[in-house]
Amino acid sequence: MQIDKLRGKQLDQLFEAILTLESKEDCYRFFDDVATINEIQSLAQRLQVAKMLHDGSTYNAIEQETKASTATISRVRRCLEYGSGGYEQVLSKMK
């Protein structure tokens, strides 16, 4: 499974740190320290692309609203269709 390639002590530590966050404000402070604005915006964009794909939006509509490239949209779509189910899990919990 693809997620097995990710597993490791450092990533476990990062995820444990994220799981300690209790509010959006905690998230803003932590992610401001741990990642660049571009990295954070890229993650946010991918989640928005996933949500729009999940909701049935077209590539054109997604491109216009999110400014994501077709390559990014295609990658997110592949993850939705063939990935580990992470997007689906999060999107269903966000509803």
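The values are calculated or read from the model by the stated rules, or taken from the named source; none is laboratory data. A quick note: this is a predicted structure, and the numbers were derived from the prediction, not measured. Because the Cβ atoms are built from the backbone with ideal geometry, glycine has one as well, and the counts that use them run over all protein chains shown. With ligands, DNA and RNA removed, areas are computed over all heavy atoms of the protein, side chains included. Shrake-Rupley method; radii C 1.70, N 1.55, O 1.52, S 1.80 Å.
Roughly speaking, what is the stretch gain from I3 to K67, that is 0.36 nm per residue apart minus the C-alpha to C-alpha distance, in nm to one decimal?
Details: separation 64, 0.36 × 64 = 23.04 nm, distance 2.78 nm.
Fully extending the segment from I3 to K67 adds 20.3 nm.
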Taking all protein chains as present, what is the carbon and sulfur share of the accessible area of the chain, in % to the nearest whole number, probe 1.4 Å? 52
Calculate I(q)/I(0) for the chain by the Debye formula, one identical point scatterer on each C-alpha and no solvent, and give its log10 at q = 0.18, 0.19, 0.22, 0.25 Å⁻¹ to two decimals. -1.02, -1.11, -1.30, -1.34
Exactly which GluC sites (Glu not before Pro) in the stretch 1-91 are in a DSSP loop and have at most 13 other Cβ atoms within 10 Å? E22
Sum of side-chain charges, S57 neighbourhood, beta-carbon under 13 Å (Lys, Arg +1; Asp, Glu -1): -1
Among the lysines, which fall within straight-line cross-link reach of K9, defined as a Cα-Cα distance under 17 Å, with same-chain neighbours fewer than 8 residues apart omitted? none
Which order, highest average first, do 4-15, 68-79 follow once you tally other Cβ atoms within 10 Å for each residue and take the mean per peptide? 68-79, 4-15
Can you list the lysines whose alpha carbon sits under 16 Å from that of K51, skipping same-chain ones fewer than 8 residues off? K67, K93, K95
Lys/Arg +1, Asp/Glu -1 at C-beta; the chain dipole; positive extreme among Q13, Q45, F31: Q45
